[in-house]
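Written below as structure tokens is the structure these notes are about.
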Amino acid sequence: MSAKRGIFVAPFDDLVEPSTVAELARSAEEREWDGFFLWDQIRYQPPVQAVADPWIALAAIACNTERLRIGPLVTPLARRRPQKVARETVTLDRLSGGRLTLGVGLGDDKNGEFEPFGDPADPRERARVLDQGLEQLGAFWAGDFQPQPVQRPRIPVWVAGRWPNRRPLRRAAQWDGFFPIDLGSPDDLAVFAGEIHELRQGRSEPFDLIAEIPPGGDPDPWEAAGATWVLTSIDAPPPLDEVRAAIEAGPR
């Protein structure tokens, strides 16, 4: 089966208005893309000046599309309260008719998104909070909170990690997908695909492996290496004309 294709952009500067992002997502749906995903940042280093909240932008996308899978890539749970994320994700899942995927990860503090706001900057502590937060989210979705998500058995969770770190890989194997960042080649992805297969022995649930390519990149080698999703990613800050061009080029 062919890998699904998505657009992956930061809601910065040219894309800071939710109406603009919603219009781009509608165009992507019309061009038969499969997904539209947004960065989740509080602030970002120069030359970026303006940053939008991805959750509000995703709500606008949900109301302006019918088929696209949507979600944040990635939300660092160390700077979010799990109970608030539970309410937001379920509401967005229901608003979109069950099209939300939650991307999570440790994040990093290079943009000053943690320590200046009183959140943990130490990577080990962020990892602990991430694992704890995922466990809490699972309980909230399973019925501790009402209403429950549209999707069953839960909203899909993609866990991010940086090559060649294996800890995120083991975390991801317990959920629904792995989004490796900073891969050098499809060969690197193939290594991860093999390790995921070993970690998930005996489990039959669907599992996604996500790859990024630049506009105009060839998705075929990544699909051959095991990717189930290949995202066309535009560097930050994303110029509006480049995003439009990537969408118009189509997914295939």
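The values are calculated or read from the model by the stated rules, or taken from the named source; none is laboratory data. On a predicted model such as this, the values are computed, not experimentally measured, just so you know. Every residue, glycine as well, gets a Cβ built from its backbone with ideal geometry; the counts of neighbours run over all protein chains shown.
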Checking residue 71 against (1) touching a Leu at 6+ places or on another chain (Cβ under 6 Å); (2) part of a helix (DSSP H, G or I); (3) under 16 Å from residue 155 (Cβ atoms); (4) of a type outside the set (A, V, I, L, M), which single condition isn't satisfied?
-> (2)
Within region 212-233, residues touching a residue at least 60 places away in the same chain (Cβ under 8 Å), of a type outside the set (Phe, Trp, Tyr) and either surrounded by 21 or more Cβ atoms within 10 Å (Cβ to Cβ) or out of contact with any Asp or Glu (no Cβ under 6 Å at 6 or more places or on another chain) (or both) come out as 212, 219, 223, 227, 230, 231, 232, 233
Hits in region 195-235 - residues which are of a type outside the set (Asp, Glu), part of a loop (DSSP other than H, G, I, E, B) and within 16 Å of the chain's Cα centre (by Cα) = 207, 227, 228, 234
List the pairs whose first member sits in region 77-88 and is within 14 Å of residue 149 (Cα to Cα) and of a type outside the set (Ser, Thr, Tyr), whose second member is at pLDDT 95 or above and in a helix (DSSP H, G or I), and whose Cβ atoms are under 6 Å apart, counting only residues at least 6 apart or on separate chains?
-> 86/137; 86/140; 88/55
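Residues checked against (1) in contact (Cβ under 8 Å) with a residue 40 or more places away in the chain; (2) part of a helix (DSSP H, G or I):
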| residue | (1), (2) |
| --- | --- |
| 140 | yes, yes |
| 148 | yes, no |
| 152 | no, no |
| 170 | no, yes |
| 175 | yes, no |
| 178 | no, no |
| 187 | no, yes |
Check region 8-17 and report whether any residue there is within 20 Å of residue 227 (Cα to Cα) and either touching a Ser or Thr at 6+ places or on another chain (Cβ under 7 Å) or modelled with pLDDT under 95 (or both).
-> yes
Starting from region 1-13, take each residue that is aromatic (Phe, Trp, Tyr) and list its partners that are part of a loop (DSSP other than H, G, I, E, B) and surrounded by fewer than 20 Cβ atoms within 10 Å (Cβ to Cβ), counting only C-beta distances under 6 angstrom and pairs at least six apart or across chains.
-> 12/48; 12/236
Top-ranked residue in region 32-43 [being of a type outside the set (D, E, K, R) and under 19 Å from residue 104 (Cβ atoms); ranked as surrounded by the fewest Cβ atoms within 10 Å (Cβ to Cβ)] = 42
If you go through region 89-109, how many residues are in contact (Cβ under 8 Å) with a residue 60 or more places away in the chain and not in a helix (DSSP H, G or I)?
-> 4
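Condition check ((1) surrounded by 12 or more Cβ atoms within 10 Å (Cβ to Cβ); (2) closer than 24 Å to residue 8 by Cα; (3) aromatic (Phe, Trp, Tyr)) across all residues:
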{"position": "162", "(1), (2), (3)": "yes, yes, no"}
{"position": "165", "(1), (2), (3)": "yes, yes, no"}
{"position": "171", "(1), (2), (3)": "yes, yes, no"}
{"position": "179", "(1), (2), (3)": "yes, yes, yes"}
{"position": "183", "(1), (2), (3)": "yes, yes, no"}
{"position": "186", "(1), (2), (3)": "yes, yes, no"}
{"position": "196", "(1), (2), (3)": "yes, yes, no"}
{"position": "203", "(1), (2), (3)": "no, no, no"}
Within region 110-133, of all residues that are in a helix (DSSP H, G or I) and either in contact with a Cys (Cβ under 6 Å, 6 or more places away or on another chain) or of a type in the set (Gly, Ala, Ser) (or both), the one surrounded by the most Cβ atoms within 10 Å (Cβ to Cβ) is 133
Condition test on residue 136, is it at pLDDT 95 or above, assigned to a helix (DSSP H, G or I) and surrounded by 14 or more Cβ atoms within 10 Å (Cβ to Cβ)?
-> yes
